[in-house]
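This report concerns only the one structure given below.
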Amino acid sequence: MAHEVLMPKLSSTMSEGTITVWLKNVGEPVEIGEAIFEVMTDKIAIEVEAYEEGILLKRYIEDGESAPVNAVIAYIGEAGEEVPEDMPGQQIAPSQVTLTEEIKEQSEELTSESTVDSDHHKNVRATPAARRMAREKKLDLAVIHGTGPNGRIQALDVKKYQIPDRTTMTSAAEVTVVEGELVPWSSMRQIIANRMVASKSTIPHVTMTAEVDMTQSIEIRRQLLPMIEEQVNERLSYLEIIARAAMIALKTYPIFNAHGLEEGIQFHKHVNLGIAVAIEEGLVVPVIKQADQMGLSELTKAVKEKTTKARNNQLSPSEMSGGTFTISSLGRSKVKTFNPIINAPEVAILGVGGMYEQLVQDATSGEISNQFKINLNLSFDHRVIDGAPAAAFLSQIVTLLENPLGLLL
């Protein structure tokens, strides 16, 4: 009897997956534990292994196509066995769900890069499937451009790579920019594009901006730096101070710590804080679970751990799911104000512009002083939240940052 191959559920928020590349063709033998396809979800490409052996009899979707979680996307069985011509429905038996969970566990173990297989390939970032395909095609990984996180070479990159015609080869510097060149969407950029379009087109965004005098926050950071560094061996940054202020304000205004669903508004008891982190290939959002229960020291350690793992492409799908409120900071950028897009199904996101200096005249004494400022940009779902509570929520964050002793309570 032929065995179904299902689209696995690799995170709590995953509803469908996109095949980046099939690693087996119809008619090829498959061993148990052998990677048969790579799926892109939650901005991570993960290889999925077979849990049955046999011949790959049928594929219902191809590279770049998507299917819902637990949909039958292929069959493995004996040569000549008959299987449905069209993709079957999604009636999933309990035993098959268990198998999907087993696939998830196996796949998560494969999210890290494999060890190097030769000195020549040392320091080349590539998935195990990409290395295997390169060996089979006798290709040098070092010459292939990776489109995965941090430039990691994926199986799809190897599959698409074409050996240059030596008669027309030019130096790398000469081909850096090609007039009119069309670069196909990478898997990560395609998913980011789809999610941004879905969020912006279905959620009525409203963005409010407030200016913050950071004088007192700068001073309290200076005093807390050595204590927190001694306690958790990490440097306190303004991001953690702003995050702590947001956690306190969310207790007063829990409507901002909710999900906007078709069925209604789902409130959450604790804040699972998403931190937007820019990486070479795009943007990922690691989630700090129950961030509202953390003081500045613990929050500093958690933010540093998650952002470091994000930049090193070490986040598991579970570490990027379950967020209830997100902060997106431009850090040391010269950009003061922007309109962040809500990370659906969340109902709000706080954008933090770069810090800048401004001369300010005291209304009473007339003295002129130099102040450090930041702008906070709160985008919220106007279906769920009205303007007045949004203004009050943002104002409380500003008040806490301008009088930061409240962060220590």
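Assorted remarks:
- The gain in end-to-end length when the M208 to S395 segment is fully stretched comes to 66.3 nm, 0.36 nm per residue minus the alpha carbon separation.
- Residues of the stretch 60-79 with amide N under 17 Å of the 7 Å Cα→Cβ point at S201: 66
- Charge sum, other residues only, whose C-beta stays under 12 Å from V183's C-beta, Lys/Arg counted +1 and Asp/Glu -1: +1
- For the stretch 182-252: Kirkwood Rh in Å [reciprocal of mean 1/r, alpha carbons]: 16.2 Å
- Scanning residues 5 or more positions from V5 or on other chains, those with amide H under 5 Å from its amide H are I73, A74, Y75, I76, with H placed 1.01 Å from N in the peptide plane.
- Summed residue charge, Cβ within 13 Å of A344's Cβ, Lys/Arg positive, Asp/Glu negative: 0
- Computed FRET value (nearest 0.05) for L182 with Q290, which takes r as the C-beta separation and R₀ as 56 Å: 0.80
- Karplus 3J(HN,Hα) series, Hz, for the stretch 31-39 with 6.51 cos²θ - 1.76 cosθ + 1.60 (x for Gly, Pro): 9, 4, x, 8, 5, 10, 7, 10, 10
- In a DSSP loop and with at most 16 other Cβ atoms within 10 Å, the trypsin sites (Lys or Arg not before Pro) in the stretch 172-246 are R235.
- With a simple spin-label model that places each label point 7 Å from the Cα along the Cα-to-Cβ direction, the separation between Y356 and T215 comes to 2.0 nm.
- Here the extension length gained between D86 and F267 equals 61.1 nm, from 0.36 nm per residue of separation less the Cα-Cα distance.
- The largest accessible area among I255, I349 belongs to the first residue in I255, I349, and the rest follow in falling order (1.4 Å probe, all chains).
- Projecting label points 7 angstrom from Cα along Cα→Cβ for E78 and E280 puts them 4.9 nm apart.
- Available extension along the chain between E298 and E34 is 91.0 nm, counting 0.36 nm per residue and deducting the alpha carbon span.
- Integer Hz, Karplus 6.51/-1.76/1.60 couplings in order for the stretch 262-279, x for Gly and Pro: 4, 7, x, 9, 9, 7, 10, 5, 10, 9, 9, 8, x, 10, 5, 10, 7, 10
- For D63, the residues whose amide H sits under 5 Å from its own are W22, ignoring neighbours fewer than 5 places away on the same chain, with H placed 1.01 Å from N.
- In this simple spin-label approximation, L405 and Q314 carry label points 7 Å from Cα along the Cα→Cβ vector, and these lie 4.0 nm apart.
The values are calculated or read from the model by the stated rules, or taken from the named source; none is laboratory data. Fair warning: this is a prediction, and the values are worked out from it, not measured in the lab. In this analysis, Cβ positions are derived from the backbone assuming ideal geometry, glycine residues included, and neighbour counts consider all displayed protein chains. We work out accessible area using only protein heavy atoms, side chains counted, and drop any ligands, DNA or RNA first. Shrake-Rupley method; radii C 1.70, N 1.55, O 1.52, S 1.80 Å.
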